[in-house]
Amino acid sequence: MDTLIDFSYDDKKFEVTDEMKKCFDEQGYLLLRGLLSPEELKKVRNVLENTDMIKKHGYGIPDASGRMPRMVLWRAPGSDITGMICRCEKVVTTSEKLLGEVYHYSSKVMMKDPMVGGRQEWHQDYGYWYKNGLLYPDALSVFIPVDRCNKANGCLQILPGSHVCGRIEHGMVAGQTGADLERVKELEQKLPKHYVEMEAGDALFFHSNVLHCSDPNDSPNRRWAFIMAYNMASNDPVESLAAPFPRYTKLEKVPNSAILECTNETDFSGKDFLDPTEDKTVKADLSKPTNAT
């Protein structure tokens with residue numbers, strides 16, 4: 001397939017169609033343009049840019065070249081605006097239409113700052129989550145750009161259809177969990193990669209076995225993204241392996257209107273931020289960069 005299939009989100013009449021479900025089942029992704037409105041996106045940026053969330057909880061995950069993207073990750077939605085997005089119908093119900101009943105597994109902000117942001121190595125999300133006790137790859141991620149994502153600033157790259165290959169062996173690549181590159185190169189011959197260029201507020205729902213990566217940010221433009229992960233309720237992790245990630249916790253959905261109605265931009269109690277020293281899937285750099293906001 002030469003181009004990515006995409007669909008437009010309409011808040012007044014959106015529903016997951018058979019065509020959307022077919023795309024997810026066969027290609028491993030659903031690309032929705034305009035999932036967040038400009039007003040909703042503004043509220044998200046206010047939280048990320050004007051609070052101490054990133055300064056206090058952010059860390060780097062070095063790539064093979066020594067550069068690194070930065071991230072902050074939490075395991076419970078919380079009651080702030082980002083929590084409302086994690087729980088809203090257009091995110092959760094869409095995920096359920098694609099997979100089945102889900103719960104919130106984690107959320108994170110991935111940050112590639114101008115001219116310095118590092119690469120995210122080839123991997124499957126299940127390559128990470130397998131180590132955290134998920135028996136099946138019955139999970140997905142929702143990638144929402146906070147800034148425009150293009151080739152220049154290190155947008156997502158995916159191999160559509162790679163989810164049907166099953167889990168590929170993963171090992172440590174610098175500070176990240178990375179897929180076996182010999183296998184990735186062979187798959188690239190059969191499943192040509194696509195650069196997923198997206199506007200801020202678009203959303204890519206993708207299966208946990210879809211191979212993906214992203215290049216470093218060598219542009220003068222910031223590239224931040226908000227990524228939510230959902231696991232099927234029936235795929236409760238093995239208890240002895242699950243930590244530090246959550247086992248099944250019922251997710252209480254909220255209407256889409258809760259995003260704009262929410263006024264909490266600073267109270268992050270209950271979000272359960274991850275201490276990266278407890279995470280067996282990364283080797284974090286805990287130094288605080290000067291451009292942390």
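The values are calculated or read from the model by the stated rules, or taken from the named source; none is laboratory data. The model shown is predicted, which means the values in this text are computed figures rather than measured ones. As a convention, Cβ positions derive from the backbone with ideal geometry for all residues, glycine included, and neighbour counts pool all protein chains shown. Note: areas computed on protein heavy atoms with side chains; ligands, DNA, RNA excluded. Shrake-Rupley method; radii C 1.70, N 1.55, O 1.52, S 1.80 Å.
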- Message: What percent of all Cα-Cα pairs in the range 1-85 falls into each 5 Å bin, going from 0 up to the bin containing the maximum distance?
- Response: 3, 10, 14, 15, 14, 18, 16, 8, 2, 0
- Cβ charges +1 (Lys, Arg) and -1 (Asp, Glu), total dipole of the chain, debye: 500 debye
- Tell me, what is the 1.4 Å probe accessible area of S79, in Å² to the nearest 10? 60 Å²
- Note on the structure: Ranked by GNM mean-square fluctuation in the chain (Cα springs under 10 Å), the top entry among E40, E169, E121 is E169
- Message: Just want to confirm a number: the relative contact order over the chain, from Cα pairs under 8 angstrom separated by 6+ residues, in percent.
- Response: 31 percent
- Note on the structure: Ranked by GNM mean-square fluctuation in the chain (Cα springs under 10 Å), the top entry among N46, N217, N153 is N46
- Note on the structure: Heavy-atom accessible area of the range 143-263 with neighbours in place, 1.4 angstrom probe: carbon+sulfur share in percent works out to 50 percent
- Query: Accessible area of T249, 1.4 Å probe, to the nearest 10 Å²?
  - Reply: 90 Å²
- Query: Accessible area per residue, 1.4 Å probe, Å², for the range 196-253: what's the number?
  - Reply: 36 Å²
- Message: Given a 10 angstrom Cα cut-off, can you work out which residue in E15, E186, E199 is the most mobile in a GNM of the chain?
- Response: E186
- Give the share of C-alpha pairs in each 10 angstrom bin for the chain, from 0 to the last occupied bin, in whole percents, shortest bins first. 6, 30, 40, 21, 2
- Query: Quick one: which of K108/K250; K108/K185; K250/K271; K43/K97; K42/K193 span more than 22 angstrom between C-alpha atoms?
  - Reply: K108/K185; K43/K97; K42/K193
